[in-house]
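So the structure is just underneath, and the comments pick up after that.
The values are calculated or read from the model by the stated rules, or taken from the named source; none is laboratory data. The shown structure was predicted, so the numbers you read here are calculated from the model rather than taken from an experiment. What goes into the accessible areas is simple: the full protein's heavy atoms, side chains included, and nothing from ligands, DNA or RNA. Shrake-Rupley method; radii C 1.70, N 1.55, O 1.52, S 1.80 Å.
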Amino acid sequence: MLISEFFIMVNQPTLLSSQLFYENRVVEVTLNRVMLGLWKEIETRRKRSASFNCISKDVSYTERTKHHCWRCKDIIFHCLDKAQRQQWVQTINNQLSLLSIRPKRLLVYINPYSGKQRGKWIYEQRVAPLFSRASISTDVIVTESANHARDHLKTEVDLKQCDGVVCVGGDGMFSEVVHGLVSRTQSDSRVDQNQPNQDLVPCALRIGIIPAGSTDCICYSTTGTNDPVTSALHIIMGDSQPMDVCSVHHNNTFLRYSVSLLGYGFYGDVLTDSERKRWMGPSRYDFSGLKTFLTHQYYEGTVAFLPAKDNLGNPRDKIKCRTRCHICEQGANNGQLLSGDHVYKMAEENSDEETSGDGVWRVIRGKFLAINAACMSCACPRSPRGLSPYAHLADGTTDLILVRKASRLDFLRHLIRHTNKDDQFDMSFVEVHRVRRFRFAPKHSNVISEVDLSETSGKKICNQVCTAHPNNDTGHSNWNCDGEILPHADIQVSVHCQLIRLFARGVERGTTFDTYTWSVIEGSNLSWQA
Ligand SMILES: Nc1ncnc2c1ncn2[C@@H]1O[C@H](COP(=O)(O)OP(=O)(O)OP(=O)(O)O)[C@@H](O)[C@H]1O
Ligand SMILES: CCCCCCCCCCCCC/C=C/[C@@H](O)[C@H](CO)NC(=O)CCCCC
Ligand SMILES: [Ca+2]
């Protein structure tokens, strides 16, 4: 009989092989080393009923289950004597210690106020026991204020003393860690972040995300789920997923980095309104989303962008970014952030769709309900396929989505399509481009966009929310940069291909059965456990 739930590896050199007891059977157990981890091949031939007089060894391993989740399982073998047990435990531990991709020391930041304020509980109850079982030592810091983690990483930490940084919280907490690590890496390398065209130095340390926030879009888009145990196991297994980072500048001054959404208009207004309602927790986005939708504000401005190379596909090609994505490999090979400036012009006249060849900027002017740049799919529980379902995590591009002025009903249809399988880009007022840089300039006059009150449904509520709208007096919206409000509407954005790496492996395809061993514990007496 073959215990196929574990794994079957052929043509691998055998490290150790012996007859052990498993459940009430004698089994032939073979230990092999393969590329990504330590696998065990267990071929069992029913021989004779096992003698119960033996010594146990408890092997922990991770196993992929449903919906992209991973779980930790144990298997207990029983050995004939202490010497045999010692030999197995030592061989497995030796092999595990050779896996240098697995972290041994981690720096952990917990935001106690993320999401439903359960970050500390999630870490202590669900994650810390797994780290300790995997012999990972941790320095845990519960943050005391916003930017505590960012500033600590920027100035105080000896980065050589750890193998990775873990944040427990939401997208905002991840953003803090990215800012801390990227800024620190640039200042250690004497790179000036204020130059928009500057090539940045990639960060050496990987980042892990234990999701505990309100949106958890980055965790969901990089693992396929927002499950803390799955994220902990990706960290333990030492997975590595490169990721693009956008730098955002205003007049040659660095503002912020972004890895998920840069949104002007709708998402900027939702965020501006929701920040005043933090006390509502995650449901603040539903409230502010509805309010902003009813306001139906549009904004005038000019967008200029540098298109991506053709070999990186396009935002509607139905090629999803998956583990070991070939489009992302291509992007890294292209060296997407080409140095040297390109012809750049911001058209003053209304030059819709001025087309030009590769390396030449295109300029589009208009009235927009939303301008969104999705550097990754931005999939999250609210929108399982995301803002741009075919965007890539590490290809050096961002998908620029322009939603022009449209009726409230059409905009609602567009929004609803984010939550189901319909194509949100297949609408006459929506266009989407894969780009490596873009720039936006709002129309400078003090225009207050007219609010379309012609549709009668919700007219009364709409009148009320319009009077309370945060941006009515400027005619400008705000940029939502990964959940933070930017102080300027006029921005320049460049994508930096694979600037950071996460303890993740991207969203996995299908249901292939993967199993990895990650710890072995010596037991002393016999307890029959399956
Ligand atoms: N101790 C703290 N006190 C107050 N604010 C903090 C603290 N630690 C971190 N923050 C800030 O809290 C903000 C929100 O945190 P976080 O992103 O973790 O949760 P969230 O907003 O609920 O989730 P999401 O970003 O997924 O929507 C971040 O901008 C972060 O800078
Ligand atoms: C009537 C049905 C309408 C349904 C519309 C659903 C559309 C959902 C799209 C969700 C896109 C999330 C993009 C991620 C942005 C994060 O970087 C940011 C920080 O966590 N979250 C938000 O800004 C929070 C943004 C929340 C928006 C609602
Ligand atoms: Ca990308």
Residue by residue through segment 135-151, which ³J(HN,Hα) values in whole Hz follow from phi under the Karplus form 6.51 cos²θ - 1.76 cosθ + 1.60 (θ = phi - 60°), with glycine and proline marked x? 6, 9, 8, 10, 10, 9, 10, 8, 5, 10, 7, 4, 6, 4, 5, 4, 5
Rounded to the nearest 10 Å², the 1.4 Å probe accessible area of Val27 is 0
If contacts are Cα pairs under 8 angstrom and at least 6 residues apart, what is the relative contact order of segment 177-317 in percent? 18
proj_area_mean for segment 359-444 (convex hull on C-alpha atoms), units nm², value 6.4
Once amide H atoms are placed 1.01 Å from N in the peptide plane, what residues at a sequence separation of 5 or more from Asn478, or on another chain, have their amide H within under 5 Å of its amide H? Gly265, Asp269
Interchain or long-range residues, amide H under 5 Å from Gly386's placed H: Cys380
Please list 3J(HN,Hα) in residue order for segment 389-404, calculated via the Karplus relation 6.51 cos²θ - 1.76 cosθ + 1.60 where θ = phi - 60°; whole Hz, with x for glycine and proline. x, 10, 6, 10, 5, 9, 9, x, 9, 10, 8, 9, 10, 10, 10, 7
Mean separation of Cα contacts under 8 Å (at least 6 apart) over the residue count of segment 88-155, i.e. the relative contact order in percent, is 38
Let me check something: with ligands and nucleic acids excluded, how do Trp88, Trp121, Trp279 order by accessible area (1.4 Å probe), largest to smallest? Trp279, Trp121, Trp88
Cα gyration tensor, segment 181-276 - rounded (a/c under 1.5), prolate or oblate: oblate
